[in-house]
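Below you'll find the structure, written out as structure tokens, and then a few comments.
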Amino acid sequence: MQFFNIPALLPQFYPSILYWFFSAIIFNLLYGSAYLLLFSRLSHIHFHWWYFIIAGFLYAFAISLVGNLLAIILMLIIIYYLIIHRRISFNIIGIQYIYANFILLITFGCVGSLITALYNVVVEVPDYNFVYYILGTPKIIVSFLVAYGIIVATEKLFARYTDVVAIQYPILAWIINLLMLTFLFYMYRVNGGGHPAKLPVTIAVTVGYGVVALLAIKAFTNYYHYKALAVSLQDEVDNLQYYTSHIEEMYDEMRHFRHDYKNILYSLTGSLENNDVAEAKKVLNQVITPSEKAVTQKESVLGQLKNVLNLDVKSLLYNKVLGALEDNLNVAVEISEPVKFTNTVAPLDLIRILSNLMDNAIKAAKQSKDKKVSVALFVKNHQQWIVIGNSTQEKALNLQQLSNSHGNLESSHGLGLKNLQMILARYPQVQHEVSSNNYWLEQSIIIPQK
């Protein structure tokens with residue numbers, strides 16, 4: 001079979017109008033639509049009806065190796081530039097679309113071959129024109145239903161794969177993509193389109209491709225998931241150690257302050273008995289006020305964080321806030337009522353979200369004139385709110401530029417905001433609000449309570 005063929009789309013190239021209608025119109029439309037529907041299920045991106053017609057036309061050229069590759073590339077370009085307008089990483093879109101293509105190809109390779117073989121067994125004198133022009137329609141319908149079932153069954157696994165492997169290790173993900181695309185080479189160059197005599201080999205190789213690809217996805221997902229979990233647990237231990245060490249330091253400071261306080265009272269008493277007001281003021285200004293400030297600052301943070309009932313969240317916030325204070329930033333923490341985060345967002349992802357927000361807020365605040373950071377956690381209308389703000393260099397940031405993958409990722413919030421969007425893409429029920437005005441950027445994460 002040639003690498004590239006021009007499809008016959010005009011009626012005069014077919015034995016009859018009926019054959020032309022089923023093969024050139026119905027089959028191509030169903031074939032292209034099947035890919036988009038499977039991709040839509042994976043990506044939760046919805047398409048207008050005319051994109052299914054475009055897909056049907058492009059996949060009419062998918063009768064050869066190069067034609068199929070061109071159809072995939074052109075559809076990816078259309079989706080990336082015309083449908084999502086580059087709001088989602090091309091890496092993620094490409095991985096999802098190629099996976100949807102691969103699942104339909106392997107089901108069509110198996111189911112299509114079985115339907116053709118069954119027809120040849122049932123019908124005493126098989127009609128070549130019927131097989132070639134008409135039978136393709138029920139084959140693609142049944143193949144799509146099977147592929148849709150596989151997509152649904154592997155949806156959670158693939159979502160984890162996208163988050164853990166595709167985003168963090170894109171080169172590895174594209175190597176797996178190439179593994180799946182090599183199935184096209186088998187279809188068009190080795191198998192020669194699936195001759196009936198090769199039915200057992202076709203099914204064995206097709207199923208083998210599918211199993212190997214899914215096992216690779218599952219294996220790499222589990223490996224990097226547990227690797228990330230181990231890193232997260234280590235970070236949590238470090239945060240807890242940091243948290244407890246500062247509690248011990250505060251206890252020592254309070255003990256020393258109480259001891260010094262008694263001695264200072266004696267000094268003040270003596271100064272006042274001698275009517276030495278100047279000496280009394282000197283003691284107050286040089287000793288009591290700085291000591292009180294040093295203790296009160298940390299105590300204020302701890303006093304607010306006591307209302308965070310998730311220990312991992314509490315220790316992370318304490319670590320970040322104390323780090324910001326040590327960098328001489330003005331930090332305001334407001335957690336007036338107890339807050340306990342539910343499992344609406346996975347604990348690991350919640351820590352990543354908070355760490356991302358705090359790191360970028362602190363980084364941007366350091367570069368600003370006012371050097372302010374604020375943190376607020378509260379529950380309102382059965383929703384858990386995380387509100388983190390910071391002062392900025394600019395009066396108002398270009399939020400669209402920050403959220404786009406082609407934006408300035410080296411800015412204070414660009415890369416962080418993009419990473420945050422990738423995490424939140426797994427949780428469509430979670431709202432993310434961003435505002436920038438009067439040299440202040442504020443981000444709100446709104447999580448519904450279960």
*Read phi for every residue in segment 117-125 and hand back ³J(HN,Hα) as whole Hz from Karplus 6.51 cos²θ - 1.76 cosθ + 1.60, θ = phi - 60°, with x for Gly and Pro.*
5, 5, 4, 5, 7, 6, 8, 5, 10
*Does segment 306-450 classify as rounded, prolate or oblate by the C-alpha gyration tensor (a ≥ b ≥ c root eigenvalues; a/c under 1.5 gives rounded; else a/b over b/c gives prolate, otherwise oblate)?*
oblate
*Express in whole angstrom the spacing between the alpha-carbon centres of segment 155-181 and segment 58-79.*
21 Å
*asked:* Please compare each pair in 156/314; 320/340; 227/418; 320/372; 320/371; 340/418 to a cut-off of 24 Å on the Cα-Cα distance and tell me which ones are over it.
replied: 156/314; 340/418
_When segment 1-154 is reduced to its Cα atoms, the Kirkwood hydrodynamic radius in Å_ = 16.3 Å
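Here, each number is a calculation from the coordinates, and none is a lab measurement. Computed from a prediction, not measured in an experiment: that's the story for all the values here.
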